[in-house]
Structure formats: C-alpha cells, structure tokens
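Quick notes on the structure that follows.
The values are calculated or read from the model by the stated rules, or taken from the named source; none is laboratory data. Just so you know, these numbers come straight off a predicted model, no measurement behind them. When we count neighbours, we look across all protein chains shown, and the Cβ atoms used for this are built from the backbone with ideal geometry, even at glycine. Keep in mind that these areas ignore ligands, DNA and RNA; they rest on the heavy atoms of the full protein, side chains included. Shrake-Rupley method; radii C 1.70, N 1.55, O 1.52, S 1.80 Å.
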Amino acid sequence: MTATIKLPERAHDPETALSDASRVPATTRESSFEIIGKRGAPVVVVLGGISASRHVASSPSDPTAGWWENVVGRGRPIDTDRFRVLGIDYAPDGTTPNVVSTADQADRVAFALDHLGVRRAHAVIGASYGGMVALALGARHRERAGRLIVISAAHRSDPVSTALRHLQRRVIELGSATGRERDAIAIARGIAMTTYLTAEHLAERIAPDAPADRRALESRIGNFLKSRGEQFADRWTSERYTALSLSLDLHDVIPEAIQIPTCVIAVSSDRLVPVEDCRELARRLGGPAQIIELDSPFGHDAFLGDACRIAPFVAELLKIDTGVVQ
C-alpha cells in the first residue's frame, strides 16, 4: 500500500480513508507513506538516513528493492510475516526551501499512525537521520511507540559534523549562484561520503591493490566520490538537500524527556556520530535504556553496508513484548 494523502489528526475509518482519499478533510497536513506486511500485525516504523524514502522493502504491490531490502521482508530480521512495516517520505518535498526539524518529521510519523488508526507502534527503528527523528518522536509523542531502536544517532549533532555540513551547504549555495547547482550537489554529497565510510573501507573497496602511482590512486578515489555524488544529484534539489542538512545540525532533543524503553546501537568507527555521544545519550535517557557498541569498517553506513552485524540485535529487540495495544 502506498499513499500520498491528506492526513487527519484522527482517522475514524482508516480503511475507507486509504481507499478514498477524497473523504479525508483537505485542510489537514499532507504526508506520503508506505506500509507493508501482514494486515493486523503489530506496526514497526522504519526510518533511514536523509536519502531514505517510504519504500523500505519490496512487496507484492511494489516489487522494486527498497533501501533496507536485506533487513525487511518475509523471513528477514524485520519479518513482514510478523509485522507491518511503515516508512515515510521526509519533508520538505524538494520544491520549497523549507526549514524542517526532526520534530516536524516525528509529527509526520504520528499523522501517518493516526491515519492508519494505530494508537501505538510496537517499535520505531531509526538509523542516522531516522534515529534523530525516532528520538524526537520519543520526546514529543511518547505514547505512540512501545520501544525505540536508535542506530548511529544521538540527541544532538557533533560539532565537527556540523562544521562539515555547513561547508557542504556553502558549496551548494555557491553552485546555485553560478548556475552549477547539480555539480555543487554532487560535490557536497561526495564530501558527505567521506564522513560515512572509514579509511579501511575506502582502501578495501577502491584500492585493494593500491597502485604505486599516487595519481592513479587519487583518480580512483575521486572517480568513486564523483560517481556517488552524481547519482545523488540526479534525484535531489539544492533546496531539499539544504533543508535536510540543516535539520541534522539543528537537531536537539533532551534525552531525559524520553521515557520509552530505548536501545542505542553505536558503531565505534562512526566518525559522523561519535560513540561518546551515543554513550551520553544512553546514560541520560529518562526511561529504560541500553547501549550496544559494535565495530564495522563501514563506519556510519554500517546499518546499510554491514547490516548483517546490526540486524540480529534489531530482530531480538523486536521480540520483546512492549504491551502494545493498537
């Protein structure tokens, strides 16, 4: 099921609302979401990084691969035979330079749950930016989730990460002013890629047989970053990139306000979200809390590139009864 609809604060008849969006009041907030899995099963909200979308995994209605295809699906760690999986598209929609906060994104999740008639999700799983959104939801809509699973995210942005993103936004601003917006987005994304991955992974992926010629090595690395950046630029606007980049930097949640049981999964090699920040988050959380620390050559991107290390913990956490009544 995929829907782009006007979401009411409370959906009295979610099945009717989904099949006939015209019956939903036109004055309410617009959001786009997708939900897959066994009808009537507990709902698990899954949120990824800024480049993630509502399409978390393939389903009969959309067989294309989702952004977390190796984790979500029938027989996978987040089993769609046991759970319904809800994903959302982040605001803004890419056409306006809106300033958007992680609290705004959390509101979108709450509106989607309202529309589906779900009082409380079994769990909210968020990785990277999605982990920030999960924390915002825990502080802002504490009654809407039985558990939070927060991967590679903390209650605030690390100052060095903020500095790097500020420079990325300046690159985009300069590119937009000089008629080279697409090139600027590609460069900004390339810079971001250097913070997502570790030096070990770059060496293994790009130069396992490092040539003696340093210029050849530089060219390999440059081509990798250019390719990734251009793929990203094909799908993004400067307005959307700037808005979500700034949203990362402005993220600020008071951990003590989160009373929901929360597990923080931290990656020791993550340079974008230092493990010390994750430890502080876990220590200060207002409700039951635990932290799991892993290592991975994928660094911040471990939830994508090294999901086999993270997914088993997620699967075990989902087995815990949260007493959710939907």
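For the reader, a short list of remarks on this structure follows.
- Only one of Arg142, Arg220 that is under 30 Å from Ala315 (Cβ atoms), in contact with a helix residue (DSSP H, G or I) (Cβ under 9 Å, 6 or more places away or on another chain) and open to solvent by 50 Å² or more (accessible area, probe 1.4 Å): Arg142
- Ile260 meets all of the listed conditions (1) open to solvent by 20 Å² or more (accessible area, probe 1.4 Å); (2) in contact (Cβ under 8 Å) with a residue 24 or more places away in the chain; (3) assigned to a loop (DSSP other than H, G, I, E, B) but one, namely (1).
- Residue among Ala52, Ala106, Ala65 that alone is modelled with pLDDT of 95 or more, part of a loop (DSSP other than H, G, I, E, B) and closer than 24 Å to Leu317 by Cα: Ala52
- Residues (farther than 22 Å from Met132 by Cα and among the basic types (Lys, Arg)) located in region 52-83: Arg74, Arg76, Arg82
- Scan region 196-217 for residues that are open to solvent by 60 Å² or more (accessible area, probe 1.4 Å) and either at pLDDT 80 or above or charged (D, E, K, R) (or both) and the total you get is 8.
- Looking at Arg144, Arg120, just one residue is in contact with a Gly (Cβ under 8 Å, 6 or more places away or on another chain) and of a type in the set (Lys, Arg), and that residue is Arg120.
- Taking the criterion of being open to solvent by less than 50 Å² (accessible area, probe 1.4 Å) and within 21 Å of Glu256 (Cα to Cα), the only residue of region 290-304 that qualifies is Ile292.
- Ser32 loosely packed, with under 15 Cβ neighbours inside 10 Å and either modelled with pLDDT under 95 or out of contact with any Phe, Trp or Tyr (no Cβ under 8 Å at 6 or more places or on another chain) (or both): no
- When Glu200 is tested against (1) under 19 Å from the mean Cα position of the chain (by Cα); (2) in contact (Cβ under 8 Å) with a residue 60 or more places away in the chain; (3) within 25 Å of Pro297 (Cα to Cα), only condition (1) is not met.
- Check on Glu143, within 15 Å of the chain's Cα centre (by Cα) and closer than 24 Å to Val264 by Cα: no
- The residues of region 273-289 that are part of a loop (DSSP other than H, G, I, E, B) and buried (at least 22 other Cβ atoms within 10 Å of the Cβ), listed by number, are Val273, Leu285.
Conditions tested, residue by residue: (1) surrounded by fewer than 20 Cβ atoms within 10 Å (Cβ to Cβ); (2) assigned to a helix (DSSP H, G or I); (3) in contact with a helix residue (DSSP H, G or I) (Cβ under 9 Å, 6 or more places away or on another chain).
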{"residue": "Asn98", "(1), (2), (3)": "yes, no, yes"}
{"residue": "Phe111", "(1), (2), (3)": "no, yes, no"}
{"residue": "His115", "(1), (2), (3)": "no, yes, yes"}
{"residue": "Val118", "(1), (2), (3)": "no, no, yes"}
{"residue": "Val133", "(1), (2), (3)": "no, yes, yes"}
{"residue": "Gly138", "(1), (2), (3)": "no, yes, yes"}
{"residue": "Ala153", "(1), (2), (3)": "no, no, yes"}
{"residue": "Arg165", "(1), (2), (3)": "no, yes, yes"}
{"residue": "Glu173", "(1), (2), (3)": "yes, yes, yes"}
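- Where a residue in region 119-148 is touching a residue at least 12 places away in the same chain (Cβ under 8 Å) and its partner, wherever it lies, is of a type in the set (Asp, Glu) and part of a helix (DSSP H, G or I), with Cβ under 7 Å and at least six apart: Arg120/Glu143
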